[in-house]
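Nothing in this text is a laboratory measurement; each read-out follows from the coordinates by a stated rule. Treat the numbers as computed from the prediction; the structure is a model and nothing was measured. Backbone-built Cβ (ideal geometry, glycine too); neighbour counts: all protein chains shown.
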Amino acid sequence: MPTSRDRSVLDALEHAVVQRHLTRELIPDTVLAPPGPAGGENPAGPQVLDLSFASQQWRTTVYAKDRPGMLVRRHFEAMVFTYLVEELRWEGIAVAGAEDFGDWTTMLLPWKQTAPQMAQFCEQADIPGTADGFVENLKQQLTQIAGQVDAGSPDNADLTIDPMTGVPSLKQRVGRERTASAKALEAELDQRLPAGASWNTSPGRRTGPAGGSGSGPCPGRTRN
């Protein structure tokens, strides 16, 4: 259930669930209006889904380019579940009865049982067995890696540092032309993988919706 009046993500989820049994590629972006007074037909007729919660890139991706008012079902499902995860993470949506689930921390081993085994575990994992030693070890590793990065910086053509602000940035690499085998692989993945998955076999490209924001997490939306 939503934790505010905005239930646009849940409405989109319900639409995806209603259409889940379909095998066709495109589905309409409209839903039936709620019943009218006394359960009669609502004169408003079908209503267009509110997809304002999604980014412009996602909305461009989910709409069929040559069929106005139609959504690409698999892309639409991927978008809906991406934003559902974010709403659950940022508490925009709550799961009724979730408080009945057990606290995962109660499944952890008690410290009295763990402490006698700590030294052996640290030795096997090759990490210091004390808090101070562990912190110092991390500092040494970070310092070593930072030194390697600094030493290789002049030869890194993809990395630039703004001389005014000192802010580093990486240039976006342009993928090479895909080979015939890569195209064949992508076609095979589209056939075999579950609905909602989207893949890109171009070199240097991340998996994600075409024209979208890649496979990284979608930022939570701002509420007014």
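Based on the Cβ-Cβ distance from LEU108 to ASP190, what FRET efficiency comes out when R0 is 35 Å, to the nearest 0.05? It comes out at approximately 0.25.
Working note: Karplus 6.51/-1.76/1.60 with θ = phi - 60° gives the stretch 117-124 the couplings 9, 4, 4, 5, 4, 4, 5, 5 Hz, where Gly and Pro are set to x. Counting only Cα atoms, the size of the stretch 103-160 along its three principal axes is 52, 27, 18 Å, in decreasing order. Highest mean packing first, where packing is the average number of other Cβ atoms within 10 Å per residue, the peptides 127-135, 159-167 line up as 127-135, 159-167. For the pair VAL18 and ALA94, a Förster radius of 22 Å applied to the C-beta separation gives a FRET efficiency near 0.50, rounded to the nearest 0.05. Between the amide H of ILE93 and those of THR3, LEU88, distances stay under 5 Å, these residues lying 5 or more places away or on another chain, with hydrogens modeled in the peptide plane.
Between amide H atoms placed 1.01 Å from N, distances below 5 Å from TYR63 occur with VAL72, all of them 5 or more places distant or on a separate chain.
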